[in-house]
Amino acid sequence: MDTAHATRMLKKLEPWLERLEGFRDRADANALYDPKTAAGRIRMANLRLYLSQLLPLKPRVLLVGEAPGYRGAWRTGVNFTSEKIMMGPKDRFGLYGGAEAGYRLIEADAGKLWGEASSTVVQKVFQELPSPPLVWPAFPLHPHKPGVDESNRTPTPAELRRDGAPQLQRLIEVFKPEHIAAVGNIGLSTLGLLGIEATKIRHPAHGGGPQFREGLLALMRAA
């Protein structure tokens, strides 16, 4: 555990985090980290806490996903992480840990914890790895059908060019991962906008869990 490294990295990531806070809700996309909203402040606090747990482990691999889903990161602020995972016990790497660790829900009195199939698959495979990767979406907002927050849609090429690629480029410049892989086609195409050739891993959605596991384990062996 290198806490000094984590402190340095968090300081370097501050302008990137501030950029995430600069997004605002749109008719078909929710800004996760808007500091003008209570939910946005909670999500950002969760993300910072997650990074403070992850960065001391000095992750070497960046996995680029698609976009936050309404059952997962839209509620937690942490990519490929559902409320059930975030508010559960710490995993084998010391990540998460619920309220005891300082994580909070955006709907504290909702009466249930939300799960997400893709997050469950991803986190289960992570427990097989020697160290956890950093996972981040190509598009940092939650894209949804107009007027229906609790829905998902695919980010458009224009959104990826305007909002996805610039924030992803900044993260890569600061994080300097040794290996980059795309989880699905959206991540791959966004990395392509940056001129980055990356390995593509099958997205775990729609029955892709076994292929995701096989692809990620192969990537980590090569790394």
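Throughout, read-outs are computed from the coordinates displayed, never taken from laboratory work. This is a predicted model, so every value here is computed, not measured. Reconstructed Cβ throughout: ideal geometry from the backbone, glycine too, with neighbour counts over all protein chains shown.
The table below lists the values:
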item	result
Those trypsin sites (Lys or Arg not before Pro) in the range 151-185 that DSSP places in a loop and that have at most 14 other beta carbons within 10 Å	153
Cβ charges +1 (Lys, Arg) and -1 (Asp, Glu), total dipole of the chain, debye	280 debye
From phi via Karplus (6.51, -1.76, 1.60), per-residue ³J(HN,Hα) for the range 190-200 in Hz, x at Gly/Pro	5, 4, x, 4, 8, x, 9, 8, 10, 5, 9
Whether the chain is rounded, prolate or oblate, judged on the alpha carbon gyration tensor where a/c under 1.5 counts as rounded	rounded
Bridge type composition, the range 3-222 - antiparallel percent by DSSP, nearest 5	20 percent
Backbone HN-Hα couplings from phi across the range 214-223 [Karplus 6.51/-1.76/1.60, Hz, Gly and Pro as x]	4, x, 6, 5, 5, 4, 5, 5, 5, 6
Placed amide H near residue 182: partners under 5 Å, 5+ positions off or other chain	64, 199, 200, 201
Net charge, residue 142 excluded, C-beta distance under 13 Å - Lys, Arg +1, Asp, Glu -1	-2
Cα shape, the range 80-131, gyration tensor, a/c 1.5 rule	oblate
For residue 135, distant residues with modelled amide H under 5 Å away	63
Gap separating the Cα centres of the range 170-223 and the range 4-37, nearest whole Å	22 Å
Cross-link table 58/124; 11/36; 145/176; 12/58, entries beyond 25 Å C-alpha to C-alpha	145/176
Helical contribution to [θ] at 222 nm, DSSP H n ≥ 4, -39,500 (n - 2.57), averaged over the chain, rounded to 500	-12000 deg cm²/dmol
Under-5 Å amide H pairs with residue 81, H placed in peptide plane, nonlocal only	73
